[in-house]
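Enquirer: Pasting in a structure now, in structure tokens, and then I'll have a few things to ask.
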Amino acid sequence: IIESQVRQLTSDGCKEIQLTGQDCACYGFDIGTNLAELVQRILAHVPGDYKIRLGMGNPRHMAPYLEALLDCFADERLYRFIHVPVQSGSDRVLRAMNRRHTVEDYSRVAGAIAERFGDLFTLSTDLIVGHPGETQEDFDLTLKLLETTRPTVANITRFVARPGTPAA
């Protein structure tokens, strides 16, 4: 369905397609496919002068098909941009946030992007600082992660309690 929608939009003159959702990286898990396969199908079967922008994806969901996804970025019709939120450089804080990825999951994605594309790719991430129980050591781990992975964009926000959550 998505492929046919992209075909229709581009035939109508659309120049930019945004594949977005709460977590694009888990696209297709329920139907036996994944985001890389979707993008490959679109690029192979929808000709035209258009660009695709991918939305946010959690690092643990990208892991099984990361190389195939990165292969897609060789096509000029795909913006060399991806938003991969890490939230913290501390696995302890990630567990406290109920995140199911690890620092290593994020580092693997960031490293693969850097190795393949260097500065010719925009990696965006999100960080939350001041989570309840975050120590100076946890914060320092986050700084170290930023230094080693060097994302192009880092959206940094302070922790804000949401009513009804354990962190509140």
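Enquirer: Give me the accessible area per residue for region 31-161, probe 1.4 Å, as a whole number in Å².
Expert: That works out to 51 Å² for each residue.
Enquirer: Something else: In the chain, what percent of the accessible surface is made up of carbon and sulfur (1.4 Å probe, ligands and nucleic acids excluded)?
Expert: Whole-percent figure for carbon plus sulfur exposure: 51.
Enquirer: Which distance in Å, rounded to a whole number, links the C-alpha centroids of region 141-168 and region 68-116?
Expert: About 14 Å separates the Cα centre of region 141-168 from the one of region 68-116.
Enquirer: Rg to Rh ratio, region 65-144, alpha-carbon atoms and Kirkwood radius?
Expert: That ratio is 1.04, to two decimals.
Enquirer: How high is the relative contact order of the chain, in percent, counting Cα pairs under 8 Å that sit 6 or more residues apart?
Expert: 19
Enquirer: Suppose R0 equals 35 Å. What FRET efficiency, 1/(1 + (r/R0)^6) with r the Cβ-Cβ distance, do Arg7 and Arg80 give to the nearest 0.05?
Expert: The computed FRET efficiency comes out at 0.90.
Enquirer: Quick one, can you get me the convex hull of the C-alpha atoms of the chain expressed as volume per residue in Å³?
Expert: Measuring per residue, one finds 126 Å³ for the Cα hull of the chain.
Enquirer: So what's the angle, to the nearest 10 degrees on a 0 to 90 scale, between helix 136-149 and the longest Cα principal axis of the chain?
Expert: Its long axis makes an angle of about 30 degrees.
Enquirer: At 1.306 mPa s and 10 °C, plugging the Kirkwood radius over alpha-carbon pairs of region 1-94 into Stokes-Einstein gives what diffusion coefficient in µm²/s?
Expert: So the translational diffusion coefficient is about 113 µm²/s.
Enquirer: With charges only on Cβ, +1 for K and R and -1 for D and E, what is the dipole size of the chain about its Cα centre, in debye, rounded to 20?
Expert: About 300 debye.
Enquirer: By how many degrees, 0 to 90 and rounded to 10, does the Cα axis of helix 35-45 deviate from the longest principal axis of the chain?
Expert: Its long axis makes an angle of about 20 degrees.
Enquirer: Output the peptides 156-163, 13-20, 40-47 sorted from most to least packed, where packing is the average of other Cβ atoms within 10 Å over each peptide's residues.
Expert: Highest-to-lowest ranking by the protection proxy: 40-47, 13-20, 156-163.
The values are calculated or read from the model by the stated rules, or taken from the named source; none is laboratory data. The shown structure was predicted, so the numbers you read here are calculated from the model rather than taken from an experiment. Ideal geometry is used to build each Cβ from the backbone, glycine not excepted, and the neighbour counts take in all protein chains shown. Side chains are part of the model used for accessible areas, which takes the heavy atoms of the whole protein and leaves out ligands, DNA and RNA. Shrake-Rupley method; radii C 1.70, N 1.55, O 1.52, S 1.80 Å.
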